[in-house]
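Notes to accompany the following structure.
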């Protein structure tokens, strides 16, 4: 039953993504930037998905430290890995966009730098996990670091914003210029990517659960 | 014993242990010197370039040299199972962390205060004109570095690749504090006082210290005791 729901959600997300790409391809080109502007439908939504993942990882880590149930630890690692992949995709699409519009692949602008720092923070989280063998200690230390990292995200964003800014300001809030039908597609694409992230997380969660079961069986075999 | 007394006991124990061997301080100081030397090869330091880069250079030296000291903080307790004894002692983990962080703070600050005049001599920088505000910046940023560094030192003490993992975990977390310290130091070393334009960096350092001191004190029990 769980499998069917998972595959169902995954299939629906794929259909929605395909439909979105078809609609986005049919949109008129933006006046100043041309076709490349349409990358925003993926670039910005991926950043939002990654940010959601880091929030879920934070909540799971806190819940693990409170309840000591391993399911929250599994949730934290699954969602962090998925979020890291989305953040990497966000950095890459941003780089492509920057190459076309600014003429450079990378610039040390506020949001690019913040995104890279966040990526490094969560990559550190995964490296920390790999360096610890004992499951309880791994889960505890990883949860502590995840809390540190999540608290750092807003501080990093604000500090680097003060440092410099070249990134275009958001177009949705405060006198934005995004037409409403484009916004609808944008939110639909966000929904599709969130569903993809949820399916990835669920798959990764099952791997973690299987891994835990294998480990406990192995321990039992050793004990006998 | 009261909390403050426990903190002082742990701090003095760490300082005494370090000052008897001086192994971490010596290593940290020589490393700081080597990095300072290497920078002179990395680019041709003329006075104008040095002034704009001084903050960045200094804090890279401080962060690297500080990491060497912080790495030893809990690793020193591993032989003879001293760490288990410390955890079993009737003292809250927060006192243990605070004592160790204060000892590290004093040691890192000492290395920085030796490296700073040497930097001035090597690169012909008159860094003393805003000394009060410069010291304030150094104290605040060093505290931020040592409080996160000490708890990460506890986090990494028993794991593989300990020496590598500490900077990998600590530096990205420290980026806001280091960024603020670099901005302030560059401007102060060049002789400009803190004004309305860059006072927000100072607030940022204070905020960083307050947030991470609080979070570390709350979470240290979990890290040490489990």
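Any read-out appearing in this document is the output of simple, stated calculations on the displayed coordinates, not a laboratory observation. These figures come from a predicted structure and were not determined experimentally. All Cβ positions, glycine included, derive from the backbone under ideal geometry; neighbour counts span all protein chains shown.
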Per residue, the convex hull enclosing the alpha carbons of the protein assembly as shown has a volume in Å³ of 178 Å³
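Per the helix-only calculation at 222 nm, which mean residue ellipticity applies to chain B, given -39500 (n - 2.57) for every DSSP H run of n ≥ 4 and division by its residues, nearest 500 deg cm²/dmol? Could the numbers behind the result be given before it?
On the way: 8 runs with 186 residues, N = 226.
My calculation for chain B gives -29000 deg cm²/dmol from helical runs alone.
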Measuring from the longest principal axis of the C-alpha atoms of chain A, the long axis of helix A:135-163 (C-alpha) lies at a number of degrees, nearest 10, equal to 20 degrees
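Seen from all sides and averaged, what is the projected area of the convex hull of the Cα atoms in chain A, in nm²? List each step's numbers first, then the result.
Numbers: hull surface 59.3 nm².
Seen from a random direction, the Cα hull of chain A projects 14.8 nm² on average.
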For chain B, the longest principal axis of the Cα atoms and the Cα long axis of helix B:131-156 enclose an angle in degrees, to the nearest 10, of 40 degrees
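Multiplying the sequence separation of residue A:88 and residue A:134 by 0.36 nm and subtracting their Cα-Cα distance, what value in nm do you get?
Numbers: separation 46, 0.36 × 46 = 16.56 nm, distance 2.91 nm.
Working it through step by step, the gained length comes to 13.7 nm.
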Largest first and rounded to whole Å, the semi-axes √(5λ) derived from the alpha carbon gyration tensor of segment B:1-115 read 35, 14, 10
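Would you compute, from DSSP H runs of 4+ residues alone, the mean residue ellipticity of chain A at 222 nm, taking -39500 (n - 2.57) per run and dividing by the full residue count, rounded to the nearest 500?
Working: 6 runs with 180 residues, N = 224.
Helix contribution divided over all residues of chain A: -29000 deg cm²/dmol.
Return an integer: the convex hull volume of the alpha-carbon atoms of segment A:1-74, in Å³ per residue.
Numbers: hull volume 6.8 nm³, N = 74.
It comes to 92 Å³ per residue, whole-number rounded.
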Convex hull around the C-alpha positions of segment B:3-225: the volume in Å³ per residue is 119 Å³
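For a protection proxy built on the mean count of beta-carbon atoms within 10 angstrom, sort A:18-27, A:41-50, B:196-205 highest first, please.
Put in order of decreasing packing, that is A:41-50, B:196-205, A:18-27.
Would you kindly calculate the translational diffusion coefficient of segment B:1-69, applying Stokes-Einstein with the Kirkwood radius from alpha carbon pairs, for 10 °C and a viscosity of 1.306 mPa s, and quote it in µm² s⁻¹ without decimals?
On the way: Rh = 14.3 Å.
Answer, rounded: 111 µm²/s.
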Given a Förster distance of 30 Å, the FRET efficiency implied by the Cβ-Cβ spacing of residue B:122 and residue B:89, rounded to the nearest 0.05, works out to 0.10
Full extension between residue B:13 and residue B:195 adds, at 0.36 nm per residue less the Cα distance, a length in nm of 61.4 nm
Note: A:152-159 gets an average of partner chain Cβ contacts (10 Å, Cβ to Cβ) equal to 6
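Quick one: order A:82, A:153, A:199 by neighbouring beta-carbon count within 10 Å, fewest to most. Kindly include the intermediate steps, with their values, before the conclusion.
Values: A:82 25, A:153 18, A:199 21.
Result, fewest neighbours first: A:153, A:199, A:82.
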Averaged over residues of A:107-118, the number of beta carbons from other chains lying within 10 Å of each residue's Cβ is 1
Residue A:48 and residue A:126 label points (each 7 Å along its Cα→Cβ direction) are spaced in nm at 2.4 nm
Taking R0 as 51 Å and r as the Cβ-Cβ distance between residue A:100 and residue A:219, the FRET efficiency 1/(1 + (r/R0)^6), rounded to the nearest 0.05, comes to 0.40
Cα extents of segment B:49-93 per principal axis, largest first, Å, are 53, 22, 6
So for R0 = 45 Å, FRET eff. of residue B:218-residue A:108 from the Cβ-Cβ r, to 0.05, ends up at 0.85
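What number, in percent, do you get for the relative contact order of segment A:2-223 if the mean sequence gap of Cα pairs under 8 Å and at least 6 apart is divided by its residue count? Provide the component values of the computation, followed by the final result.
Numbers: 202 pairs, mean separation 69.7, N = 222.
After rounding, I find 31 percent.
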For chain B, longest principal axis from Cα atoms; helix B:3-21 axis from its Cα atoms; angle between them, nearest 10 degrees, is 70 degrees
